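What follows is one structure encoded as structure tokens, with my remarks underneath.
The values are calculated or read from the model by the stated rules, or taken from the named source; none is laboratory data. On a predicted model such as this, the values are computed, not experimentally measured, just so you know. Ideal geometry is used to build each Cβ from the backbone, glycine not excepted, and the neighbour counts take in all protein chains shown. Please note that ligands, DNA and RNA were not included when accessible areas were found on the heavy atoms of the full protein model with its side chains. Shrake-Rupley method; radii C 1.70, N 1.55, O 1.52, S 1.80 Å.
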2 protein chains.
Amino acid sequence: MKLRYFPLAMVTSYLLSMSALAEQTPSFTKEDLRVAAELRDEAFKSSKDYEIVESLTTEVGPRMAGTPGDAAAVKWGVAKLEELGFDKVWTEPVTFPTWKRGVETAEVLSPYPQPLVITALGFSVGTAEEGLSAEIIQFDDLKALSEAPANAAEGKIVFIKNRMERARDGSGYGPAVAARGQGASEAAKKGAVGILIRSIGTDTDRMAHTGVMRYEEGIEKIPAAALSAPDADLLENMIRRGKPVTVKMTIGAKNGEEYTSHNVIGEITGSEKPEEYVIIGAHLDSWDLGTGALDDGAGIGITTAAAELILRLPKRPKRSIRVIMFANEEQGLVGGKAYAEAHQDDIKNIITAAESDFGAGKIWRIDSKVKEEALPAVKQMAKLMEPLGITYGNNQAGGGPDLIPLRGKGISVFSLRQDGMDYFDYHHTPNDTLDKIDPESLNQNTAAYVIFAYLSAQMDGDFGTGFNQK
Amino acid sequence: MKLRYFPLAMVTSYLLSMSALAEQTPSFTKEDLRVAAELRDEAFKSSKDYEIVESLTTEVGPRMAGTPGDAAAVKWGVAKLEELGFDKVWTEPVTFPTWKRGVETAEVLSPYPQPLVITALGFSVGTAEEGLSAEIIQFDDLKALSEAPANAAEGKIVFIKNRMERARDGSGYGPAVAARGQGASEAAKKGAVGILIRSIGTDTDRMAHTGVMRYEEGIEKIPAAALSAPDADLLENMIRRGKPVTVKMTIGAKNGEEYTSHNVIGEITGSEKPEEYVIIGAHLDSWDLGTGALDDGAGIGITTAAAELILRLPKRPKRSIRVIMFANEEQGLVGGKAYAEAHQDDIKNIITAAESDFGAGKIWRIDSKVKEEALPAVKQMAKLMEPLGITYGNNQAGGGPDLIPLRGKGISVFSLRQDGMDYFDYHHTPNDTLDKIDPESLNQNTAAYVIFAYLSAQMDGDFGTGFNQK
């Protein structure tokens, strides 16, 4: 830095802010930090987190929004929170349209007849009962499809072959998943009668990945399904040979009735400022193919077990802590939206929030989205997580899908980022089952969440509310 | 060794035999060894092996014995061998009873309703159309079931929970697979109305492993299916809770008509002793769930590509080499038996044989089953494989499943043992697809097979015939 070209006012302001940070009174007492460290270490002695996921996946299993599994999960959630001794347990209604999966089969008719493994995308319409047979037209990705001439896919089934990239932070998902969300309407615009996409996943298992899609208004609704990765490879190999490839797909999916499920909430009531509260949560619903162990049974186990450790303390923390099991995240963050709407007059009471919804891998980074003055407190919190292999990242946290609506209303949020290297191997497939969870990693997650929840509830000062509003 | 207690005659005999081995004339000329080494290195420059598996899995796919896929595979095999320029290509009939898979679903009815992933075992009878509902009774393994009192499983569905152990040489398969082969009849003897076994596999994928089973004569035939590993875990977790667990299984499988398929044979005709021949082979059929890439498309690719390298030589080897694509190995070594029967007057012409039927992992050991005098030749052959990471094992080779009947008639055999650490992750599941094959490992296999086939065809002397007879 060349000082002579640097405005003096800026330097002064910079030095003042540095000094303010350095001199800031610690936000947590020594006793708070001692208790938080003890809670962290206790997390490794407990198997409560794993027991909770085992219980949910065994006694409920799949719990797609609007199904009997959803109702069973709500009942299970209430019973579990009561059994664990939460001070208050209640539910709040969440209403949404439903979708039902039916038969889903596909096969190559010519030139090389053989079956394909597919799964319908959430909210896809069905085909005629006798199925839909048409020639395949292949596109590299959604962009290539969008840029194709009108009628490019006239009377054909579009196949989008783009592959998702593997990454610890799951950053390959965003670019790839657009094909799932918007592919059907883009294909219909080009005259297609159906769409098959390569599954949005990173595995090579012969299982297709489901997930929600949306039809653009005013565009014809065509049936949409995902192919397993090996089947997408197979189709590519057939197409490469240059002969027309015709496929038959049969999808029995259809929309159902409107349904009311519930957000399930358990509260540890604060001893000094009970009306102010910290949210930790996860979503209770899952897709129907697996048992929702990673997505998001793990999150339910981690956050509930973290709260359970705090429940065991001789004294309630100063503020309240709410464990929220959100309804229907999978089909549009419906539970998160319902909570934000129901509590919009209540936003200033939410001291901060974090959702666990990225499987069961170890947390490697903590990000915050707080007012600048609160950053020293965040750093103190992060320091307690260092022995867990967690470092502080930045102040641009997202907080988790069900917190997006609350974040939009101005609450501060944290992201406790999990290692997601293999998350998209299992995500939204039948392979999302209990055996994919490592109990020790789960403990590490619980240890991080208990530090976050306890210290936020004890904090002198706050993380800011409203600054985050857009 | 204490010589004074050692009979002199034995010592002399021992020293003589040592000296005989040491002085033995090499079985292969320097030129033979040079050509074999060159063929070995050429194997890594060719992608023919991979192209063959890609072709089989893409253009034919599943080829369960007796299905249209079987017929397509025979047609494919003949065309492929002709295209590659074999001197003679022909088929030999193989007749067998067939079995058809139908619907296969299962679900827990109570106390925790949720679906289960199952697959019918080959030759299982079906259930009534409306399915079979009964309480589950769990056994640790086949032995525990066999030792249970009569009527122990009266009116129940037996669940055998034993797990297969992972091992490089696949040695966990034998002990585990008995539950698949004999479980149904053992369960029926105890009064059971159906049987579910934990899949005979080493993976944690939510895919069940099929495979053949047999009913004991005079015992009631009850429906038999395998649960995927996560579903077996789930059932165990439910049963552990102590309440009766009832399951409904629906199996639509049934026996079909008798069918005639074909062993497909391609010959490189020897230049000096055309009537004597070396067999390299694999089985052409597969199970229906996957595309049979590992089981046994890989073997087809390896052995056919090895022969193709020899076909490219300026001169035919002294003896003939036959690539045999055996029919219907999966349902009882039927093609191997048919070949042995059809060629029983011909056995003395078979100089030796090896079958590739253990996936696509690298070969790490070569075993022989030859007369003792031929061991120096085997060692010379093994020496050429050393740069491939292959060492000589012992003289107790099995030779591969389709060679069992020929071995019983006295032919010498070799086992080129592949690394099978992950073979049983995919074996007999929908996951047996092309992406599981590493082209470089395939090349290493082809390199070993080409050394074996070429040197055996060139060999001065033989490996013995008849000594191996039981």
Seminar exercise, completed: A:Ile265 neighbourhood, Cβ < 14 Å, K/R = +1, D/E = -1, net charge -4
For this session: Using R₀ = 41 Å, calculate the FRET efficiency as 1/(1 + (r/R₀)^6) where r is the Cβ-Cβ separation of B:Glu217 and B:Asp140; round to 0.05.
Result: 0.95
For this session: Heavy atoms only, probe 1.4 Å: what % of the accessible area of segment A:102-252 goes to carbon and sulfur, would you let me know?
Result: 48 percent
Exercise. Counting Lys and Arg as +1 and Asp and Glu as -1, what is the net charge of the other residues whose Cβ lies under 9 Å from the Cβ of A:Lys362?
Worked result: -3
Problem set entry | Label spacing, shortest first and in nm, from A:Gly393 to its equivalents in the remaining copies (7 angstrom along Cα→Cβ) | 4.8
For this session: Roll a 1.4 angstrom probe over the protein heavy atoms and tell me the percent of accessible area of segment A:376-444 that is carbon or sulfur.
Result: 49 percent
For this session: Starting from the amide H of B:Trp99, placed 1.01 Å from N in the peptide plane, find each other amide H under 5 Å away whose residue is 5 or more places distant or on another chain.
Result: B:Gly256
Exercise. Beyond 15 Å, what share of the Cα-Cα pairs of segment A:399-470 remains, rounded to the nearest whole percent?
Worked result: 69 percent
Exercise. What order do you get for A:130-138, A:212-220 when each peptide is scored by the mean count of other beta carbon atoms within 10 Å, highest first?
Worked result: A:130-138, A:212-220
For this session: Count charges around B:Gly398 for me, please; just the other residues with Cβ under 10 Å from its Cβ, Lys/Arg as +1, Asp/Glu as -1.
Result: +1
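Against the globular-protein guess of 2.2 N^0.38 Å, express the Cα radius of gyration of segment B:283-393 as a ratio, rounded to two decimals.
Working: Rg = 15.7 Å, N = 111, 2.2 N^0.38 = 13.2 Å.
Ratio of Rg to 2.2 N^0.38 Å for segment B:283-393: 1.19.
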Exercise. So which residues of segment B:58-72 lose at least 40 Å² of accessible area, probe 1.4 Å, when you go from the chain by itself to every protein chain present?
Worked result: B:Thr58, B:Glu59
Problem set entry | Stokes-Einstein translational diffusion, segment B:298-359 - Kirkwood Rh over all Cα pairs, 0.890 mPa s, 25 °C, in µm²/s | 185 µm²/s
Seminar exercise, completed: Regression test value, accessible area per residue of segment B:210-310, probe 1.4 Å, units Å², expected 30 Å²
Problem set entry | Value of Rg to Rh for chain B (Rh from inverse mean 1/r over Cα pairs, i.e. Kirkwood) | 1.03
Seminar exercise, completed: Placing one equal point scatterer on each C-alpha of segment B:171-269 and summing with Debye, one gets log10 I(q)/I(0) at q = 0.14, 0.17, 0.20, 0.24 Å⁻¹ equal to -0.68, -0.91, -1.15, -1.37
Exercise. To one decimal place, what orientation-averaged projected area in nm² is obtained for the convex hull of the Cα set of segment A:333-400?
Worked result: 5.5 nm²
Exercise. Can you list the residues of segment A:181-217 that have at least 10 square angstrom less accessible area with all protein chains present than in their chain by itself, probe 1.4 Å?
Worked result: A:Thr204, A:Asp205, A:Arg206, A:Met207
Exercise. Restricting attention to the alpha-carbon atoms of segment B:102-252, what are Rg (one decimal) and Dmax (integer), both in Å?
Worked result: 13.9, 43
Seminar exercise, completed: The rounded separation in angstrom of the Cα centers of segment B:309-331 and segment B:107-141 is 45 Å
Exercise. Hey, what angle do you get for helix A:30-43 against the long axis of chain A, alpha-carbon based, 0 to 90 degrees rounded to 10?
Worked result: 40 degrees
For this session: Summarise the long-distance tail of P(r) for segment B:16-124 by giving the % of C-alpha pairs beyond 18 Å.
Result: 74 percent
Problem set entry | Shielding score for B:425-431, defined as the mean number of other chain Cβ atoms within 10 Å | 3
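When N is the residue count of segment B:331-470, what does its C-alpha Rg come to as a fraction of 2.2 N^0.38 Å?
Cα-based Rg divided by the globular estimate yields 1.07.
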For this session: Could you state how much accessible area is buried at the A-B interface, both sides summed, with a 1.4 Å probe, in Å² to the nearest 100?
Result: 2200 Å²
Exercise. If one puts a single equal scatterer on every Cα of the protein assembly as shown and applies the Debye formula without solvent, what log₁₀ I(q)/I(0) results at q = 0.05, 0.06, 0.07 Å⁻¹?
Worked result: -0.37, -0.52, -0.69
Problem set entry | 7 Å along Cα→Cβ, label-point gaps from B:Ala128 to other copies, nm, shortest first | 3.7
Exercise. Let a ≥ b ≥ c be the square roots of the eigenvalues of the Cα gyration tensor of segment B:128-208; is it rounded (a/c under 1.5), or, if not, prolate (a/b larger than b/c) or oblate?
Worked result: oblate
Exercise. If one computes the Cα centroid of segment B:192-244 and of segment A:153-181, what distance in Å separates the two points?
Worked result: 36 Å
Exercise. Modelled label-to-label distance, A:Asp346 and B:Ala342, 7 Å Cα→beta-carbon offset: nm?
Worked result: 7.8 nm
Problem set entry | Cα-only radius of gyration and Dmax that characterise segment B:241-318, units Å | 22.0, 74
Exercise. Averaged per residue, what accessible surface does segment A:66-186 expose to a 1.4 Å probe, in Å²?
Worked result: 45 Å²
For this session: In whole angstrom, note down how far apart the Cα centers of segment A:366-393 and segment B:351-375 are.
Result: 61 Å
Problem set entry | Potential extension, B:Glu440-B:Glu258 segment - 0.36 nm per residue separation minus Cα distance | 61.5 nm
Problem set entry | Interface residues in segment B:229-258 - accessible area drops by 40 Å² or more relative to the isolated chain, probe 1.4 Å | B:Asn237, B:Arg241
For this session: Would you mind getting me the FRET efficiency between A:Asn151 and B:Asn151? Use the beta-carbon distance for r and R0 = 60 Å, nearest 0.05.
Result: 0.30
For this session: Taking the rotation that carries A onto B, look along its axis and tell me which residue of A has the beta carbon nearest to it, distance in whole angstrom.
Result: A:Asp205, 3
